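Q: The structure follows.
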Amino acid sequence: MATRYAAVPAVPQGQLSAGATIVLITALKENVELLTGTRGESDLASKAVAVDQIKVNSLGRQDMVQVSAQGLGFTVSSQQLASYDDYVKLVNDVQVLANDLFRTREAFDLLLSQMKAGT
């Protein structure tokens, strides 16, 4: 997908000739039509997305602000083992983080789909 904007010629410092005026206004008209999606562009690749078309709720604060697991453990027969309580904390931490990531991805996917659709 590529945008298809018309090149707008430089505006001369003096008076515009009738031909230059037509070229300038035609290029501006084409670009406005592309930006508004009214030019008949089948894929709407050049259509602008207005700020009021984006409807995404704020994500709010992230639930995971710090890890509760502390890396506690002990050694049994020369083997280092994590404490069960610390392991459970770590599993819970990972789940909270996964939930935060899921909500972020949902909001991001919604934002992308709205930008692509131009709605």
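Q: So how many residues does region 22-79 have that are touching a Lys or Arg at 6+ places or on another chain (Cβ under 6 Å), closer than 27 Å to TYR5 by Cβ and of a type in the set (Ser, Thr, Tyr)?
A: Number satisfying all stated conditions: 1.
Q: To continue, here is another question. So for region 104-118 (the condition being in a loop (DSSP other than H, G, I, E, B), touching a Leu at 6+ places or on another chain (Cβ under 7 Å) and modelled with pLDDT of 90 or more), does at least one residue qualify? Show your work before the answer.
A: Initially, region 104-118 is screened for residues in a loop (DSSP other than H, G, I, E, B), giving 118.
Now restrict to residues that are touching a Leu at 6+ places or on another chain (Cβ under 7 Å): 118.
With modelled with pLDDT of 90 or more added as a condition, the list becomes none.
No - not one qualifying residue is present in region 104-118.
Q: Pick from region 83-114 the residues that are basic (Lys, Arg) and either surrounded by 13 or more Cβ atoms within 10 Å (Cβ to Cβ) or touching a strand residue (DSSP E or B) at 6+ places or on another chain (Cβ under 8 Å) (or both): which of them is farthest from VAL56 (Cα to Cα)? Give the derivation first.
A: Going through region 83-114, the residues basic (Lys, Arg) turn out to be 89, 103, 105.
If we keep only those that are either surrounded by 13 or more Cβ atoms within 10 Å (Cβ to Cβ) or touching a strand residue (DSSP E or B) at 6+ places or on another chain (Cβ under 8 Å) (or both) too, we end up with 89, 103.
Details: LYS89: 32, ARG103: 12 Å.
Within region 83-114, the match that is farthest from VAL56 (Cα to Cα) is LYS89.
Q: Restricting to region 86-119, name every residue that is touching a residue at least 40 places away in the same chain (Cβ under 8 Å) and among the charged types (D, E, K, R). Step through it out loud before you land on a result.
A: Residues of region 86-119 that are touching a residue at least 40 places away in the same chain (Cβ under 8 Å), as a first pass: 103-104, 107, 110-111, 114-115, 118-119.
Correct list: ARG103 only.
Q: When you look at VAL11, is it surrounded by fewer than 13 Cβ atoms within 10 Å (Cβ to Cβ), out of contact with any Leu (no Cβ under 7 Å at 6 or more places or on another chain) and farther than 30 Å from ALA117 by Cα, yes or no? Don't jump to the end; show me each part of the working.
A: Values: surrounded by fewer than 13 Cβ atoms within 10 Å (Cβ to Cβ): yes; out of contact with any Leu (no Cβ under 7 Å at 6 or more places or on another chain): no; farther than 30 Å from ALA117 by Cα: yes.
Answer is no for this residue.
Q: Quick one: how many residues across region 33-57 are loosely packed, with under 12 Cβ neighbours inside 10 Å, without any contact (Cβ under 8 Å) to a residue 24 or more places away in the chain and of a type outside the set (Gly, Ala, Ser)?
A: Number of matching residues: 3.
Q: Being among the small types (Gly, Ala, Ser) and part of a helix (DSSP H, G or I) is the filter here; which residues of region 9-53 pass it?
A: Going through region 9-53, the residues among the small types (Gly, Ala, Ser) turn out to be 10, 14, 17-20, 27, 37, 40, 42, 45-46, 48, 50.
Listed by number, the residues that qualify are ALA18, GLY19, ALA20, ALA27.
The values are calculated or read from the model by the stated rules, or taken from the named source; none is laboratory data. In this text the structure is predicted, and so the values were computed from the model without any measurement. All Cβ positions, even for glycine, are placed from backbone atoms using ideal geometry, and neighbour counts span all protein chains on display.
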